[in-house]
Amino acid sequence: LKQGSVVVDCSTSDPVSTVALAAELKALGVDYVDAPLSRTPKEAWEGTLDAMVGAPDAVFVRLKPVLETWAGRIVHIGDTGDGHRMKLLNNFISLGYAAIYSEALALAQKVGISPPRFDSVIRNGRMDCGFYQTFMRWTLEGDRDAHKFTIANAFKDLTYLESMAGAAGIANPLGNATKNAFAGAFAAGPTDQFVPMLATHIGKVNGVDLMPTRDGKKQTI
């Protein structure tokens, strides 16, 4: 890399490695920016993703026009590493939702409330959101492509969150519970399953069939 170059990391990574890598590059005269992304493949194709950016002010100003080619909402979180820290917090919330939805669906089915009836109350109410809507398309419709974030990546991110919480000296029991929910689904496989399929796994563990049908056919994971 040439001096004056900028490396932009759009992955979800461990902030400890982010800061260490940035220091190595800085010694070579290269700036490092952590700019992880959120939203869905639809926004990726449209160039309207959300970007949360960790970078010194001057580097952020220089880089922002480049980020605007793929991100519609760009938030400068702070210095190097803060983008990845914020992404882990963002994923903690979203994956926590996924774990709650999954357990609620399993419990609902166990007590005689079907997924469609459960959905009829949550949808368009205060608990509704875009994440809920794409998550539920697997259980309700068997649509495996509506929410394409893998359980393997979810589990990885939650282990990073656990590490970050430990380093900060803060208790994170909900994060650990969420990680353990995904750990079971990750261990059961397959590796290419998506986050909404967590509901199917949690249902199975509790003797509940939440495997959806699509076009009259029972789906598989």
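Details
- When residues of region 3-48 are limited to those that are in contact with a Lys or Arg (Cβ under 7 Å, 6 or more places away or on another chain) and part of a loop (DSSP other than H, G, I, E, B), the one surrounded by the most Cβ atoms within 10 Å (Cβ to Cβ): 36
- Those residues of region 75-94 which are of a type in the set (Ser, Thr, Tyr) and either surrounded by fewer than 15 Cβ atoms within 10 Å (Cβ to Cβ) or not in a loop (DSSP other than H, G, I, E, B) (or both), in sequence order: 94
- Sole residue being free of Cβ contacts under 8 Å to residues at least 24 places away in the same chain, more than 15 Å from the chain's Cα centre (by Cα) and surrounded by 14 or more Cβ atoms within 10 Å (Cβ to Cβ), chosen from 171, 108, 185: 108
- Selection count, region 95-133, where residues are assigned to a helix (DSSP H, G or I) and out of contact with any Ser or Thr (no Cβ under 7 Å at 6 or more places or on another chain): 22
- Meets criteria (surrounded by 19 or more Cβ atoms within 10 Å (Cβ to Cβ), modelled with pLDDT of 95 or more and touching a Cys at 6+ places or on another chain (Cβ under 9 Å)) for residue 55: no
- Any hit, region 135-146, residues being out of contact with any His (no Cβ under 7 Å at 6 or more places or on another chain), charged (D, E, K, R) and within 19 Å of residue 13 (Cα to Cα): no
- Qualifying residue in region 154-174 (condition: part of a helix (DSSP H, G or I), modelled with pLDDT of 95 or more and touching a strand residue (DSSP E or B) at 6+ places or on another chain (Cβ under 8 Å)): no
- Every residue from region 124-162 that is crowded, with 19+ Cβ neighbours inside 10 Å and either free of Cβ contacts under 8 Å to residues at least 24 places away in the same chain or assigned by TED's automatic domain parsing to the domain that holds residue 11 (or both): none
- Positions within region 58-70 being surrounded by fewer than 17 Cβ atoms within 10 Å (Cβ to Cβ) and of a type outside the set (A, V, I, L, M), in sequence order: 62, 64, 65, 68, 69
- Of all residues in region 12-32, those satisfying the criterion of being in contact (Cβ under 8 Å) with a residue 60 or more places away in the chain and either outside the structural domain of residue 76 (by TED's automatic domain parsing) or of a type outside the set (A, V, I, L, M) (or both) are 12, 13, 14, 15, 18.
The values are calculated or read from the model by the stated rules, or taken from the named source; none is laboratory data. Keep in mind the model is a prediction, meaning the values are calculated, not measured. Don't worry about glycine lacking a Cβ; one is built from the backbone with ideal geometry, like all the others, and counts go over all protein chains shown.
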